[in-house]
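One structure is given here, and the rest of the page talks about it.
The values are calculated or read from the model by the stated rules, or taken from the named source; none is laboratory data. Since we're looking at a predicted model, the values are computed, not measured. Cβ sites come from the backbone with ideal geometry, for glycine too, and all protein chains shown count toward neighbours.
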Amino acid sequence: MNSSFHYLVMAEQAMVQKALLARIKGSGLTLGQPKVLDYLKDHNGASQKDIAGGCHIEAGSLTSILNRMEERGIVERRMLHGNRRSSYVFLTEKGEKLRDLVTKSFEQIEDEAFQGISEQEKEQFMQTFSRIYENLTTKED
């Protein structure tokens, strides 16, 4: 097994995605939608621009994802304060149920990932991983 940082990050991402898709099978959610639901969990009513940034998705790709979600009644887009240039995305009741499924699935995957790892080791890992994330996101600007 290749133990370089980039390989492990890519492999872990693929494994998490595979585990997530197995857990949400039958929900009708497609790639990209769980990430949006996870973001809306803490940012319901966010602008499309904020969702794209928070999910690291290109605006065009997000538009396609949201269109499919809106067609299925998972989210709805609304204008606020009469501003026609921006729409804000809100979860519907169906979207809230799917968000709960995604949240529970992510929690289960995280529990599995950290099996046999002490709380102190987990905290240290998360601090280091967060710093790596910050280092890479500041390079995007």
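Brief remarks follow.
- Ile74 modelled with pLDDT of 95 or more and closer than 19 Å to Leu40 by Cα: yes
- Subset tally (residues that are closer than 18 Å to Gln13 by Cβ and either surrounded by 12 or more Cβ atoms within 10 Å (Cβ to Cβ) or polar (S, T, N, Q) (or both)) for segment 111-131: 5
- Residues (within 30 Å of Lys94 (Cβ to Cβ) and polar (S, T, N, Q)) located in segment 1-37: Gln13, Gln17, Ser27, Thr30, Gln33
- Odd one out for Thr103, checked against (1) in contact (Cβ under 8 Å) with a residue 40 or more places away in the chain; (2) farther than 18 Å from Thr30 by Cα: (2)
- Among the residues here, Leu66 does not qualify as closer than 26 Å to Val16 by Cα, within 15 Å of the chain's Cα centre (by Cα) and either surrounded by fewer than 20 Cβ atoms within 10 Å (Cβ to Cβ) or without any contact (Cβ under 8 Å) to a residue 12 or more places away in the chain (or both).
- Among the numbered conditions (1) surrounded by 15 or more Cβ atoms within 10 Å (Cβ to Cβ); (2) under 30 Å from Thr138 (Cα atoms), the only one that Thr103 does not meet is (1).
- Residue pairs meeting the criteria (Cβ under 7 Å; at least 6 apart or on separate chains; first in contact (Cβ under 8 Å) with a residue 24 or more places away in the chain and under 20 Å from Thr137 (Cα atoms), in segment 40-60; second among the hydroxyl-bearing types (Ser, Thr, Tyr) and part of a helix (DSSP H, G or I)): Ile51/Tyr39
- Some residue of segment 93-100 being more than 19 Å from His43 (Cα to Cα), basic (Lys, Arg) and free of Cβ contacts under 8 Å to residues at least 40 places away in the same chain: no
- Looking only at residues in segment 38-79 that are polar (S, T, N, Q) and outside any loop (DSSP other than H, G, I, E, B), the one that is farthest from Leu91 (Cα to Cα) is Ser61.
- One residue stands out in segment 10-29 among those that are outside any helix (DSSP H, G or I) and either under 12 Å from the mean Cα position of the chain (by Cα) or not β-branched (Val, Ile, Thr) (or both): the one that is surrounded by the fewest Cβ atoms within 10 Å (Cβ to Cβ), namely Gly26.
- Filtered residue count, segment 19-49, keeping only those that are within 23 Å of Phe129 (Cα to Cα) and modelled with pLDDT under 95: 1
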